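Take a look at the structure set out below.
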Amino acid sequence: MQSSNRRMGIMTDVHRRFLQLMMTHGVLEEWEVKRLQRHCYKVHDSTATVDKLEDFINNINSVLESLYIEIKKGVTEDDGRPIYALVNLATTPISKMASDFAENELDLFRKALELIIDSETGFASSTNILNLVDQLKGKKMRKKEAEQVLQKFVQNKWLIERWPPVSILQKEGEFTLHGRAILEMEQYIRETRPDAAKTCNICHSLLIQGQSCETCGIRMHLPCVAKYFQSNSEPRCPHCNDYWPHEIPEVFDPEQEREPGVSRPNKKSLRSRQH
């Protein structure tokens, strides 16, 4: 008997193929997930009506529930693009990574994670991460090897590298958590780093990078900032009502979702368009 009110779904070949492909990719943007769903219908049941994506995934999740696995939806922290990741709820995220990385590589990720969470910006410089290689558990690692491991974390969508630098004063790349890592690790971060974990004042989810009020200190994800101040020419903090001094990001437009061969328009702040 199901422990929740979610109704047990029925897995067809369409659902099973979709799940297999999600397991292969790990995390996908929403437009990719929709394309994947259409592909699975085309291969296994071309005459059927394609279910609404939310209902389709809820059906799969109802079956996965007893296995403590879930296809979880989130958004990217920089511009609010919807993403989906297959999340294992039964093991800690670091344990899940153990099959792909050695002990010293996992320890490098832990230390990078701590630097990212402790930072005000949500980013950790490559130099600061590499300076910790002498403290790693297990086999010794040279800095050149550590650089290669960081790129493995990027390729496996645990980290994002921001390069080129955003400032002329910055001479190196820097890293933050990928949306996949945030989806999988939110509970782990809150439990292991409760004093350092930050929360968005709007959606109340874990916040790694965003904006903060200079008066009262509340923080907001960039997509939450964009939506909250979408039609406000004089943005004020939702907590203390003081003026919000930061540039307002552009709201994500699902009609302009990135498709293969289609470039995304340059971002402009809402505030700059209002003056």
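The values are calculated or read from the model by the stated rules, or taken from the named source; none is laboratory data. Because the structure is a prediction, the values reported are computed rather than measured. Don't worry about glycine lacking a Cβ; one is built from the backbone with ideal geometry, like all the others, and counts go over all protein chains shown. Ligands, DNA and RNA are excluded from the accessible area calculation, which covers all protein heavy atoms including side chains. Shrake-Rupley method; radii C 1.70, N 1.55, O 1.52, S 1.80 Å.
Things to note:
- Apart from one condition, S46 fits all of (1) more than 24 Å from the chain's Cα centre (by Cα); (2) of a type in the set (S, T, Y); (3) outside any loop (DSSP other than H, G, I, E, B); the exception is (3).
- All conditions but one from (1) farther than 24 Å from W158 by Cβ; (2) assigned to a helix (DSSP H, G or I) apply to L21; the one that does not is (1).
- Flag if Q230 is at pLDDT below 95, open to solvent by 20 Å² or more (accessible area, probe 1.4 Å), over 23 Å from E70 (Cα atoms) and touching a Phe, Trp or Tyr at 6+ places or on another chain (Cβ under 9 Å): no
- Scanning region 70-103 for residues that are more than 16 Å from H178 (Cβ to Cβ) and open to solvent by less than 20 Å² (accessible area, probe 1.4 Å) returns a single hit, I71.
- In summary, I160 fulfils each of the numbered conditions (1) open to solvent by less than 20 Å² (accessible area, probe 1.4 Å); (2) in contact with a Ser or Thr (Cβ under 7 Å, 6 or more places away or on another chain); (3) of a type in the set (A, V, I, L, M) with the single exception of condition (1).
- Every pair of residues 6+ apart whose Cβ atoms lie under 8 Å, when the first sits in region 119-132 and is over 19 Å from D195 (Cβ atoms) while the second is in a loop (DSSP other than H, G, I, E, B) and among the acidic types (D, E): S125/E172; S126/E172; T127/E172
- For the criterion of being free of Cβ contacts under 8 Å to residues at least 24 places away in the same chain, over 30 Å from L222 (Cβ atoms) and of a type outside the set (D, E), K137 fails.
Rundown of residues vs (1) within 16 Å of G122 (Cβ to Cβ); (2) surrounded by 13 or more Cβ atoms within 10 Å (Cβ to Cβ); (3) modelled with pLDDT of 95 or more, yes/no style:
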site	(1), (2), (3)
L150	no, yes, yes
Q170	yes, yes, no
L177	yes, yes, yes
I189	yes, yes, no
T215	no, yes, yes
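- Within region 114-133, not a single residue is closer than 30 Å to L19 by Cα and touching a helix residue (DSSP H, G or I) at 6+ places or on another chain (Cβ under 6 Å).
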